[in-house]
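Reading through the structure tokens given below for one structure.
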Amino acid sequence: MPIDDEAGSGAAFSQSLERGLLILSSFSETRPVLGIADISRAVTLNKSTTHRYVATLARLGYLQQDPETKKYSLGPKVVDLGFAALNSLEINRVAAPCLQSLADETGYTVSMAVLDGPDVVYVERRRSGRATSAFAISLNLHVGSRLPAYCTSMGKVLLAHQEPAVLRALLDRTDFARRGPKTLTNREQLTAALAKIRQTGVAANDEELAAGLRSVAAPVRDRTGRVIAAINIAVHLTVWATTADTVVARLERPLRHTAAEISTRLGYR
């Protein structure tokens, strides 16, 4: 019997979300186009409730309606989600051995992150296999960690390669708080730094996130040339007391090589 109640199944369960996902899941390779009646039967909702959910999904771009037949098919937002999932799986699979090799070569921790709004999210992190290395350092970060983009080397790489309108919107959402002794808290200074990063293809972080922490980052590109991630090498003054310029000079070449190798494996030419 069709259901039409709005009560959830628990405090941490959204029945509305479940219904929306069930509707999207009712489309398949063998059933790419469906009418309201078809969807209603597939998800056991009455037609009026089904129409309400379908109209919402269509307005958000997850479904699209044929103006002549009035039937629905999956919209561009679903396609975007599918590609994002595939790219995420692909980039981690491709990047992991390259990042491990870079960590072993340099003796430092190597990470990869993607941009999520004004933040970066760590999606891969590799430590050197040389357990006794004097350069080994364990930072309090892990896959899933989130940091503000403006004060991290990977974040600055990713911001630098955004379209101007997108970058402005992201900076509008950024709280330029001082997090380290050298954090760039002035929007104009950061914008100028991003322009330089866009030209050089590498970003350095000199105690902008935390005292004593330095890193250098480079972009990873997909087959279209779009920057989809960034990788970095992080060091700390307690294990390498030198200047930021020296850190970049020593680590930039292997970092760029690894970023280029990952990009090539993702289809970038």
Exercise. What's the FRET efficiency of residue 146 with residue 77 using the Cβ-Cβ distance as r and R₀ = 22 Å, to the nearest 0.05?
Worked result: 0.40
Exercise. Want the number for residue 29 to residue 47: 0.36 nm per residue separation, take away the alpha-carbon distance, what's left?
Worked result: 4.2 nm
Exercise. Pulled fully out, how much extra length does the chain show between residue 56 and residue 163, if you take 0.36 nm times their separation in residues and subtract their Cα-Cα distance?
Worked result: 35.6 nm
Exercise. Summing -39500 (n - 2.57) over the DSSP H runs of n ≥ 4 in the chain and dividing by its residue number, what mean residue ellipticity at 222 nm do you reach, to the nearest 500 deg cm²/dmol?
Worked result: -14000 deg cm²/dmol
Exercise. To the nearest 10 degrees, how steeply does helix 76-106 sit against the main Cα axis of the chain, on a 0 to 90 scale?
Worked result: 20
Seminar exercise, completed: Placing +1 on each Lys and Arg Cβ and -1 on each Asp and Glu Cβ in the chain, then taking the dipole about the Cα centre, the residue among 260, 183, 33 whose Cα reaches farthest towards the positive end is 260
Problem set entry | Beta bridges per DSSP with both ends in the chain, % antiparallel, nearest 5 | 95
Problem set entry | Principal axes of the chain: Cα extent on each, largest first, Å | 71, 40, 37
Seminar exercise, completed: As straight-line cross-link partners of residue 70, the qualifying lysines (C-alpha separation under 20 Å, not fewer than 8 residues apart within one chain) are 47
Seminar exercise, completed: To the nearest 20 debye, the chain has a Cα-centred charge dipole, built from +1 on Lys and Arg Cβ and -1 on Asp and Glu Cβ, of 420
For this session: Tell me the label-point distance for the pair residue 187, residue 22, using the 7 Å Cα-to-Cβ offset, in nm and rounded to one decimal.
Result: 4.6
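Coordinate-derived values only; no laboratory data. What you see is a predicted model; the values in this text were computed from it and never measured. Heads up, the Cβs are rebuilt from the backbone with ideal geometry, glycines too, and the neighbour counts pull from every protein chain shown.
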